[in-house]
Structure formats: structure tokens, C-alpha cells
Amino acid sequence: MSDVKLWDFHGGIHPPEHKALSNRTPIQPAPLPARLILPLGQHIGAPAQPIVAVGERVLKGQTIAAASGRVSVPLHAPTSGTVSFIGPQPYPHVSGMLAPAIVIDSDGLDAWAPLAPCADYRGLAPEVLLEKIRQAGISGLGGAGFPTAVKLAARPQGKIHTLIINGAECEPYITADDRLMRERAAELVAGIEILAWLIQPEQVLIGIEDNKPEAIAALQAALGERPFGLRVLPTKYPSGGEKQLVELLTGQQVPSGGLPTDVGMLCQNVGTCVAIHDAVLQGRPLVSRIVTLTGEALARPMNVEALLGTPIGELLAFAGLDEARMDRLIMGGPMMGFTLPSLEAPLIKTGNCLLAPTRSELPPPPPPLPCIRCGACADACPASLLPQQLHFFALGQEHEQLRAHNLFDCIECGACAYVCPSSLPLVQYYRAAKAEIRELEQKQHKAEHSRRRFELRQERLRKAEEQKEAERQARAEQAARAKALQTESAALPDRTAPLAAQPSLAAGLLEQQKKLRIEASMAQIALKKAEKQLAAHATPELEAQVAELRAAVEAAKKALEAVTAAAPPAVPASNDAALKKAKIELAIKRTELKKAEKAGADDAELTCLREALASAERALHAAEEASDKPAPQLIRTDKRPVDEKLRTLKTELAFARADLRKLERDEAADPPALESARTRLAEAERKLAEHQSE
Ligand code: SF4
Ligand code: SF4
């Protein structure tokens, strides 16, 4: 182990460790709380979706919220009890914000739901094993909280050749992994074996800082002859950063903006490995975690295994919190942790430490001074960044420069701020700048999306407008053609040219013929009326009017004759439109005549209308002959005027017949009545026969 080559990473610092405060006692079980608050978002990715209702009883380990996407994990009840509330609850965040959560009132029984352990995981298909890990709700327990199954399944650059187990635990004060490795080394090794089976790497490397000799010894013993490389690292902060650990163990640098998987390596925290062991071999989902309770404001600093959802105040009370001595409460370590505004928030999956320092133990930083460009921050930066430059760009909100100087490679380790003689809160600037850039990116993404939607809409509208315009033009052209036809037909036809060769002219003639016929009819009707008036009251004015009307009738007749002579039968064979018009014209004339007959019009008017009907019939016949469609079989019915007497006789016959049948069906019918009915029927038949023979 000692002769194994180790590399180093740039920068790093050696802050006071303060680990001895909490690592001397074994992990204690935290008391079962009466009420647990389970935020739906305890991991990176989409929050879980509740699948239980208020009032529902749940068992320990039962799924209470399902994963809601690929990058998401389910949530399980940490103890048995009743769901008492689903909604906003305190969340462990620097802002003191509320977040959606499921609240469970414990029944004190801590009764487990049925579990499905799997001793022979080697018999499972990799995807089944991955699904088991996913369904157990495991996300990285080292602090980042990325869904473990997603991390295990994502191999963008091909095979993972090196599995790295992170037991560095480099942050001051935190000893949760230290105690875990000491006390649960066998489970840890079993968890690593599961991962190795799943990933099939060429090598497994375990990195532990040399300030944890007991953990190293325990792990060595548990490893036995297994071919896993245990590497003891010199204590330096932040050797537990993924990229730094990769470099320490393999000498390879993860490229800027990249992940260890980009160079064929995958990192997993020791706590996550134990959770995988519990999930696969014992069937237990993630419902608790080991958390360091430390700081001089606690009477009994220690590590506890606490149920997720346990209120932080209760955990600290268990460790003997003296609130009067506590200067502030930090979730995480002093380097990367954040201050919690209250004790009401619950423990979540990413909570590895609760630090309750006194003021003298962790005094607040002095007021910041201007940067003196000493360069100490750049020397300390493990990501080889230029923190002072990033600071200036962040102040000026120069996002492009921040990107160009690889702001997003900053792991927010705080090493730069730790060494800064001007006490500049550098990490706060970087966090704020990252948030700003992400927000802007989201806005730009939304704006881009909206722009694309707007452009697509404009394109759709433009096409619709073009279509409308094309239709308008087509209609205008059609109208112009029709007008041209009318103009052509107004002129007399060229008698020397066969009309079959001039279909448009023939159609025009038919149209003109129709108009003239109507005009002639109207003139005739007007003449008849005037003649009647003249007969009743002979005046010079009426005489003049009659003479005028006669001349008009004559002129109309002549014009009609001229056009009729020029038109059919030489109507073009293909003129179906003319045929259709002729049919319609005939129907109109027939209707006009019927209406006039019903209305009791005088003879002169009826004569005119009958002539017009006859003319329409002739025009139709001509059009039929000219059409290339076969002429319909004409069945002419001679509709005589209704014979009122015949109708009366037939009615009487029908009534007489019906009455007789009715009596015949009636068994109790009076015989004289029957006889009378028969006589009536015979008489009706006789009269009808007589009338029909007349
Ligand atoms: S350590 Fe502080 S003062 Fe020195 S260069 Fe960096 S930011 Fe400026
Ligand atoms: S916080 Fe960022 S910039 Fe500062 S030392 Fe760490 S990685 Fe470098």
C-alpha cells in the first residue's frame, strides 16, 4: 500500500481539522421523532411526486413519493405512522424557504413494510440491479445528491475502466464517513462489490485521507484478498473533490467542463456504497443516514444514524445543544456548508453534518477589504482557476469573461476565501454569478423558444395569406373570363363559322336568347295590361302608350328571332353548362306558370307564361341535342285539368267501400244497415262508371 504511486493536485489548503470533536464515539441511533418532514426534492433533479394521501397509514420503507423523471428518485417513509400533511414545509436552505413535503406522524412502532432482499445479485440483469438501486431512492450521500442509478447508467464516453470509492472526507469537522468506514467496513466492501459487478471496471481504487487510521485499518481488514486498491492520501483540503481525487489516484486530469466519466472513471462516496449494500442485499430503501453533530455548542458531539425527515432541532437537542452558546448553525462543514436560519428544517439525504460552533470557535470573518492582488487565492485553488479575476468579473457581471475563465469549473471549495488576506467572500460572489448566468441562460432559452414559435407562426400566417391571395386571383380571373364571354356573345355570331367551333360564343348566344325571351314576355304582359286599360278608358295618352308598347313587343320578338336563328341547334356539343342553365330556366318557367295559375292570373298573362315555358322547353331540347350527354328519356304526361266531379265520385266510392267493410267485420251488425251499405256501394260504382264513359 505504501509503495503505491500517488499524484497531487494543484493548490489546496490545510485548515484545522476539528475532527476529534465527533469521531471518538460510535454512531448512535437518533431518537425516533414524533413527526417527520420529508421534502420531495432531496436530490439533484426533478422532485418526487407524492403517491400517498393525507390520513393514509404508511409502513417504514414504503414508497410515499415516486420518481418523476429520469433524473429523479423515489422517497420512502422513514418510519411507520400516518401521513398528516402534504404541502410547504421548512427546507434546509440558506434562505429559510419552504418546499413541498410529506409529513408523517410516527406511531412509535417503527414497523417495516415487507422487504425484498436479494443475496444473489449476480444472477440479476444489470438493468434490474440498477432499477433496484433506483427504486431504493439512493442519491449521492457525499453531499452532492445526484441520483446514483443515473450516474451508474451514464457512460457517455464508453466503458468505465476505474471505479473510485471516495473515503477522503476532507472537510473539517465532518466524521460521518470516518465512523461509517470504521464500523461498517464489511457492508462497505459488499457495496463496492455490487458496484464492481455492475460496472465491471478494470480496477477499483479506494481513497482515504491519512488522518483516519482506524478507518483505514478497518477497511483493510474487511477487504482481505479482494483486488481493490486502498490508497491512503496525504491530508489536504479538498482531496475529496471528485476531480481532485481522480488526479490524486490516477494522475489524470478531468478536462474543463467535463466529468470523471469523460476519462473512463466513476466516483462513489462510501456512504452511497453502504446504501447500495442495504438496498440490494437487505432490500432496505434509503430511509436514514449517518450525520455528524458537532461544534462546541454541543455537549455531546457525535455521529448519529438519523431517520430522514428528523427535525434538525431534535437532533441537536439529542447532542446536548446549548443554544445560547451557538453562534450560528451550519449544514455541512465550515468550508462548503451553508448557514441555516432556523432549527425547524429536517434532515435530508444530502445532510452529512450539522455544525453548531461557538463564536470563539468559528468567529465571523472580518469586514472585506479591497483585493491586493496577492495571488494567494490562485495558489490555493484546486481547480487551477484565477479566483481574483473571477471576483472582478463577478463584480462587473461580465458573464462572458466569467465563462472564459471557467467559472463553472469552480467547485466552491472555499480554499480561495480561506487564504484571502482581504477576507473577500469570494465563493459567495461565484455562487451568485453562477445563479445569474443560469437564470439568464434559462431566460435566453425561453426567449429563443418564443422567437422560434413566433417565426413559425409568422410563416404559417404568410402561407395562409399567399393561399388567400392565390384564391382571390383565381376568382378574379374567372370573373374576367365570364365577362369576356358575355361581351363576345353580345355581338352577332359569325354565320360563316360553325358554332361547334365557337363554344364560348354559343353559350353567350343562349344567355342572350334567354334575356331577350324574358324581355319579350315582359313587354307582352305590359302591352296586354295597357290594352285592357285602353278598352276601359280610351284616352290619347293610353293610345300612345299602347302603340309604343306594341312597337317594343315587335322589336323584342325580332331580336329574339334573330338570336334564336343564330343559336341552337348549332349549340356546341360540349356545352354542359348551357344544358344545365336551360334545365334551370325550364324549371323556373314551370314554377312561374303554376304560381300564376294558382293565383288566378288573367288569360293574357297565362298565355305569355305558357309561351315562355314552351320556349324554355325548346331551348332545353336544343341544348340536349348539342350536349355530349345522352338525352334523357322524355316521358310526357298529359296533365289534364283536375276533374272535380270525378274526384267527388271517387271519394264517395271509397267511403261507401270502407263503410261496408266495417259493417261486414262487425258480427253484431244490423242486416238492414248492411243491405243499405251494399246498395250505396253499388250506386257509387255505377255513377263512377257512367262518368268515365262520358
Ligand atoms: S487572495 Fe484575496 S486579495 Fe489576494 S489576490 Fe486573491 S482575492 Fe485578491
Ligand atoms: S472556491 Fe472555486 S475559485 Fe475558490 S479555490 Fe475553490 S475552486 Fe478555486
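The values are calculated or read from the model by the stated rules, or taken from the named source; none is laboratory data. Here the structure is a predicted model, which means the values were calculated and not measured. Because the Cβ atoms are built from the backbone with ideal geometry, glycine has one as well, and the counts that use them run over all protein chains shown.
What to note about this one:
- Consider region 8-33 and keep the residues that are loosely packed, with under 14 Cβ neighbours inside 10 Å and in contact (Cβ under 8 Å) with a residue 12 or more places away in the chain. The one that is nearest to Leu343 (Cα to Cα) is Pro29.
- Close pairs from region 367-391: first farther than 14 Å from Gly12 by Cα and of a type in the set (Phe, Trp, Tyr), partner within 9 Å of ligand 2 (Cβ to nearest atom) and in a loop (DSSP other than H, G, I, E, B), Cβ under 6 Å, at least 6 apart: none
- Boolean, Asp278 is surrounded by fewer than 21 Cβ atoms within 10 Å (Cβ to Cβ), in contact (Cβ under 8 Å) with a residue 12 or more places away in the chain and at negative phi: no
For (1) within 16 Å of ligand 1 (Cβ to nearest atom); (2) modelled with pLDDT under 95; (3) under 16 Å from Val291 (Cα atoms), each residue gets a yes or a no:
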{"position": "Lys5", "(1), (2), (3)": "no, yes, no"}
{"position": "His10", "(1), (2), (3)": "yes, no, no"}
{"position": "Pro16", "(1), (2), (3)": "no, no, no"}
{"position": "Lys19", "(1), (2), (3)": "no, no, yes"}
{"position": "Pro26", "(1), (2), (3)": "no, no, yes"}
{"position": "Arg35", "(1), (2), (3)": "no, no, no"}
{"position": "Leu40", "(1), (2), (3)": "no, no, no"}
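- Hey, Glu541 modelled with pLDDT of 75 or more and surrounded by fewer than 10 Cβ atoms within 10 Å (Cβ to Cβ) or not: yes
- All positions within region 589-606 that are surrounded by 14 or more Cβ atoms within 10 Å (Cβ to Cβ) and closer than 19 Å to Ala523 by Cα: Lys589, Glu592, Leu593, Ala596, Ala601, Ala604, Glu605, Leu606
- Residue in region 297-320 that is within 24 Å of Ile13 (Cα to Cα) and in contact (Cβ under 8 Å) with a residue 40 or more places away in the chain present: no
- The residue list Val71, Val94, Val83 contains one member that is at pLDDT below 95, under 32 Å from the mean Cα position of the chain (by Cα) and either over 26 Å from Ala168 (Cα atoms) or not small (Gly, Ala, Ser) (or both), which is Val71.
- Count of residues meeting criterion [in a helix (DSSP H, G or I) and out of contact with any Leu (no Cβ under 6 Å at 6 or more places or on another chain)] in region 282-314: 1
- Criterion applied to Gly207, Gly167, Gly240, Gly142 was being at pLDDT below 95, assigned by TED's automatic domain parsing to the domain that holds Leu347 and touching a strand residue (DSSP E or B) at 6+ places or on another chain (Cβ under 7 Å), and the one residue passing it is Gly142.
- Residue match in region 112-129 (condition: in the same structural domain as Ala279 (by TED's automatic domain parsing), touching a Ser or Thr at 6+ places or on another chain (Cβ under 7 Å) and either modelled with pLDDT under 95 or buried (at least 16 other Cβ atoms within 10 Å of the Cβ) (or both)): no
Residue by residue, here is whether (1) under 23 Å from Glu17 (Cα atoms); (2) within 16 Å of ligand 1 (Cβ to nearest atom); (3) buried (at least 23 other Cβ atoms within 10 Å of the Cβ) holds:
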site	(1), (2), (3)
Leu329	yes, no, yes
Pro334	yes, no, no
Gln389	no, yes, no
Gly396	no, yes, no
Leu402	no, yes, yes
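- Among the residues of region 451-459, some residue qualifies, meaning at least one is away from ligand 2 (no atom under 16 Å from the Cβ) and aromatic (Phe, Trp, Tyr).
- Restricted to region 360-404, the set of helices (runs of 4 or more DSSP H) holding at least 3 residues that are on the phi < 0 side of the Ramachandran plot and within 11 Å of ligand 2 (Cβ to nearest atom) comprises 376-380, 387-395.
- Hey, Glu314 outside the structural domain of Leu248 (by TED's automatic domain parsing), of a type in the set (D, E, K, R) and more than 16 Å from ligand 2 (Cβ to nearest atom) or not: no
- Filter pass, Leu38 being part of a strand (DSSP E or B) and either under 22 Å from Ala275 (Cβ atoms) or basic (Lys, Arg) (or both): yes
- Near pairs, Cβ below 8 angstrom, 6+ apart or cross-chain, from region 522-537 (without any contact (Cβ under 8 Å) to a residue 60 or more places away in the chain) to any residue that is among the charged types (D, E, K, R): Leu527/Arg550; Leu534/Glu543
- Filtering Val58, Val73 for residues that are farther than 15 Å from Ala111 by Cα and not polar (S, T, N, Q) leaves a single hit, Val73.
- Residue among Ser80, Ser72, Ser68 that is over 30 Å from Pro301 (Cβ atoms), in the same structural domain as Ala215 (by TED's automatic domain parsing), polar (S, T, N, Q) and surrounded by fewer than 18 Cβ atoms within 10 Å (Cβ to Cβ): Ser68
- Members of region 315-337 that are more than 47 Å from the chain's Cα centre (by Cα) and part of a loop (DSSP other than H, G, I, E, B): Ala319, Gly320, Asp322, Glu323, Ala324, Arg325, Met326, Asp327
- Any hit, region 335-358, residues being out of contact with any Pro (no Cβ under 7 Å at 6 or more places or on another chain) and farther than 27 Å from Gly41 by Cβ: yes
- Top-ranked residue in region 405-415 [being hydrophobic (A, V, I, L, M, F, W, C) and either touching a Phe, Trp or Tyr at 6+ places or on another chain (Cβ under 9 Å) or more than 9 Å from ligand 2 (Cβ to nearest atom) (or both); ranked as farthest from Pro260 (Cα to Cα)]: Ala415
- In region 405-438, the residues that are away from ligand 1 (no atom under 14 Å from the Cβ), aliphatic (A, V, I, L, M) and either touching a Gly at 6+ places or on another chain (Cβ under 6 Å) or under 24 Å from Leu245 (Cα atoms) (or both): Leu407, Ile411
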